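The values are calculated or read from the model by the stated rules, or taken from the named source; none is laboratory data. Computed from a predicted model, the values in this text were never measured in an experiment. Here the Cβ positions follow ideal geometry from the backbone for every residue, glycine too, while neighbour counts run over all protein chains shown. All accessible areas refer to the heavy atoms of the entire protein, side chains included, with ligands and DNA or RNA removed. Shrake-Rupley method; radii C 1.70, N 1.55, O 1.52, S 1.80 Å.
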Amino acid sequence: MPANMPRRVKWRKQQKGRNRGNACRGNKVTFGDYGLQSLDNGRVNSRHIEAGRIAATHYLQRQGRVYIRIFPHKPISSKPLETRMGKGKGETDIWTALVKPGTMLYELSGVTEEIAKAALLRIAHKMPVRTRFVVRRNER
Amino acid sequence: MEIATVKGETRKIGNRHAMKNLRAGGMLPAVIYGHKEKPEHVALSRRDLLFALEQGSYVISLEVGGQTSQYLLKEIQYDHLQQHPQHVDLMRVTQDETVTIQAVLDFRGTPAGAQLGGTFRIAMKTLPVDCQVKAIPDAIRVDISHLGINESIYAGDVRLPDGTSYKGDPRAVVATLAGKRGMTAAELDAEEGAADGPDEPEVIGRTAKDDGDDES
């Protein structure tokens, strides 16, 4: 099943909140050998995530493995077009993942660095945030 | 084992502004501890440390005020982008002391099953091993040439150099050669599309009646 929204939620709508600071977790290449890391704060919605996954899997032609490190937990509501203000909060329009500078968005394994760079560049073009390519570092 | 020389100087414990100024000057704050002695605070040359890390050193020779001592690189903290080192933990060690290090695994050869379409996947890039400081291996070589499709190399199968031992789970998977998936990318996409759930997630503790009340 594509990662487009949670299966069960406690509440249907959430407040907007603020997305500040840097990622202090989820900022290392953990599962794969190469990663795509966010350099900005932002919202990556379920369509972006799916577009990135498709771009990478089509390029890789079943080589290697793509890991998606983010999940859209946050519902974003919007009012229908040409609607007067009021009458309560709009319905959920899309689900998003909040990302911070450092958040690892995708990881790749089982391919060469050259192929990984090309595949992650294709994902990067689909992302609404600036990103950079990273290689896994051996832990001490 | 390579032992890189790193230049350093003593420092006082400072606040974050002092540390920021220290880093701006090309130095890195570090702490030395171990052997039940009082911890010492030092500043290391960032350039020298990066060179040591590039060489894959586990032990560094630190030169402070004309005196040189060897320390184990215990932990390195990085910034949020995991790009620039921010702080270093050094541990006092003697050459005969046994330490636990994350030894780098060096996979050699081409798996036999790779020609049949298998994908080589590394589960562990490093292996925690116990060894004496003087016997720290540069890397542990792992021969993967015999690996067939859907076969794995376990931690217990890895041939360790003399003087090193592994005390973890011997059945931990180090690397595997995975077979090709049975479906094409298009088929996979189609199946994933078909597996799409409902448009809205289920709300915990809500019934259809509650939803009806909401709308009214």
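Miscellaneous remarks
- Residue match in segment A:64-83 (condition: open to solvent by 40 Å² or more (accessible area, probe 1.4 Å), closer than 21 Å to A:V129 by Cα and at the interface with chain B (Cβ under 9 Å from one of its Cβ atoms)): no
- Any hit, segment A:76-88, residues being of a type outside the set (K, R) and under 17 Å from the mean Cα position of the chain (by Cα): yes
- Some residue of segment A:48-59 being open to solvent by 60 Å² or more (accessible area, probe 1.4 Å) and hydroxyl-bearing (S, T, Y): yes
- Any hit, segment A:37-52, residues being charged (D, E, K, R), more than 16 Å from A:T131 (Cβ to Cβ) and away from every other protein chain (no Cβ under 11 Å): yes
- Flag for B:L49 being within 30 Å of A:T131 (Cα to Cα), within 14 Å of another protein chain (Cβ to nearest Cβ) and under 16 Å from the mean Cα position of the chain (by Cα): no
- Within segment B:176-205, the set of residues being surrounded by 11 or more Cβ atoms within 10 Å (Cβ to Cβ), at pLDDT below 85, of a type in the set (A, V, I, L, M, F, W, C) and not in a loop (DSSP other than H, G, I, E, B) comprises B:A178, B:A185, B:L188, B:A190.
- Taking the numbered list (1) within 11 Å of chain B (Cβ to nearest Cβ); (2) closer than 22 Å to A:C24 by Cβ; (3) of a type in the set (S, T, Y); (4) in contact with a helix residue (DSSP H, G or I) (Cβ under 6 Å, 6 or more places away or on another chain) in turn, A:T103 passes all entries but (4).
- If the condition is being at negative phi, exposed (fewer than 14 other Cβ atoms within 10 Å of the Cβ) and not small (G, A, S), then segment B:18-40 contributes B:K20, B:N21, B:E37, B:K38, B:P39.
- Failed item in (1) in a loop (DSSP other than H, G, I, E, B); (2) without any contact (Cβ under 8 Å) to a residue 12 or more places away in the chain, with A:K89 passing the rest: (2)
- So B:V173, is it open to solvent by 50 Å² or more (accessible area, probe 1.4 Å) and in contact with a strand residue (DSSP E or B) (Cβ under 7 Å, 6 or more places away or on another chain): yes
Listed here are the residues, each with its yes/no results for (1) at pLDDT 95 or above; (2) in contact with a Phe, Trp or Tyr (Cβ under 9 Å, 6 or more places away or on another chain); (3) in a loop (DSSP other than H, G, I, E, B).
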position	(1), (2), (3)
A:R18	yes, no, yes
A:C24	no, no, yes
A:Q37	yes, yes, no
A:H48	yes, no, no
A:V66	no, yes, no
A:D93	no, no, no
A:T96	yes, no, no
A:E114	yes, no, no
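- The criterion of at least 1 residues that are more than 30 Å from B:Q70 (Cα to Cα) and at pLDDT below 85 is met by the following strands (runs of 3 or more DSSP E) wholly inside segment B:107-146: B:119-122.
- Top-ranked residue of segment A:92-140 - restricted to ones that are within 30 Å of B:M91 (Cα to Cα) and of a type in the set (V, I, T), ranked as least open to solvent (accessible area, probe 1.4 Å): A:V134
- Residues of segment A:1-32 that turn out to be facing chain B (nearest Cβ under 7 Å) and surrounded by 18 or more Cβ atoms within 10 Å (Cβ to Cβ), as a count: 5
- Given (1) within 14 Å of chain A (Cβ to nearest Cβ); (2) crowded, with 17+ Cβ neighbours inside 10 Å; (3) at negative phi, index of the condition B:Q82 fails: (3)
- Of the residues B:L72, B:L160, the single one that is outside any strand (DSSP E or B) and either among the aliphatic types (A, V, I, L, M) or away from every other protein chain (no Cβ under 14 Å) (or both) is B:L160.
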